[in-house]
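Where a number appears in this text, it was derived from the coordinates with a stated rule and is not lab data. For clarity, every value in this text was computed on a predicted model and none was experimentally measured. Positions of Cβ are generated from backbone atoms using ideal geometry, with glycine treated the same way; all protein chains shown enter the neighbour counts.
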Amino acid sequence: MRTNSDLKQRAESVMRLMDQRDELTLDIKAAFDAAKSVGFNAQAMRKAVSIARMDKAKRVSHDQAQLDLEVYLAEIEGRVMEAAE
């Protein structure tokens with residue numbers, strides 16, 4: 001049987017986890033700000049980190065979408081794409 005005490009304990013646990021997440025979010029922001037302060041492009045770094053963290057299937061899908069984007073953009077701009085080796 002669930003009790004109010006059980007609900008309260010679970011809610012408190014969730015709130016602690018959310019507080020930890022908020023702290024980590026601030027730490028991550030500070031790390032990107034520090035990188036930016038020494039000359040790195042924080043937006044590009046965020047994207048690179050995001051891509052590097054992808055699992056294999058998602059990365060393959062992302063890479064294919066990037067290739068499609070390059071092909072489409074080259075066609076729109078009238079550029080010739082070099083054949084992949």
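Report, in deg cm²/dmol and to the nearest 500, the calculated mean residue ellipticity at 222 nm for the chain, where each DSSP H run with n ≥ 4 adds -39500 (n - 2.57) and the sum is divided by the residue count.
-27500 deg cm²/dmol
Please compute, for the alpha-carbon atoms of the chain, the extent along each of the three principal axes and give them in descending order in Å.
68, 40, 23
For region 1-40, give the magnitude of the charge dipole about the Cα centre (Cβ charges: +1 Lys/Arg, -1 Asp/Glu; no others), in debye to the nearest 20.
Values: 7 positive and 7 negative charges, 35 e Å.
Around 160 debye, computed over region 1-40.
Taking only Cα atoms of region 40-85, what ratio of Rg to Rh do you get with Rh as the Kirkwood inverse-distance radius?
Rg/Rh: 1.08.
Relative to the longest principal axis of the C-alpha atoms of the chain, give the angle of the C-alpha long axis of helix 56-77, reported between 0 and 90° and rounded to the nearest 10°.
That helix lies at roughly 40 degrees to the long axis.
Any idea what angle helix 42-52 forms with the longest principal axis of the chain, computed on alpha-carbon atoms, 0 to 90 degrees, nearest 10?
That helix lies at roughly 90 degrees to the long axis.
Given a Förster distance of 35 angstrom, what is the FRET efficiency for Glu12 paired with Lys58, based on the Cβ-Cβ distance and rounded to 0.05?
On the way: r = 34 Å, r/R0 = 0.98.
With a Förster radius of 35 Å, E is 0.55.
Rank Ala42, Leu7, Ser61 by how far each Cα sits towards the positive end of the charge dipole of the chain (+1 on Lys, Arg Cβ; -1 on Asp, Glu Cβ) and give me just the farthest.
Going by the charge dipole, the pick is Leu7.
Can you tell me how much longer the chain between Asp68 and Arg21 gets when fully stretched, taken as 0.36 nm per residue apart minus their C-alpha distance, in nm with one decimal?
Details: separation 47, 0.36 × 47 = 16.92 nm, distance 3.56 nm.
Taking Asp68 through Arg21 to full extension adds about 13.4 nm, to one decimal.
Where Lys and Arg each count +1 and Asp and Glu each count -1, what net charge lies around Glu70 among other residues with Cβ under 13 Å from its Cβ?
Here the charged neighbours net out to -4.
Which three extents, in angstrom, do the Cα atoms of region 1-40 have along their principal axes, listed largest first?
57, 9, 5
Expressed as an acute angle from 0 to 90° and rounded to the nearest 10, what is the orientation of the C-alpha long axis of helix 4-37 relative to the principal long axis of the chain?
40
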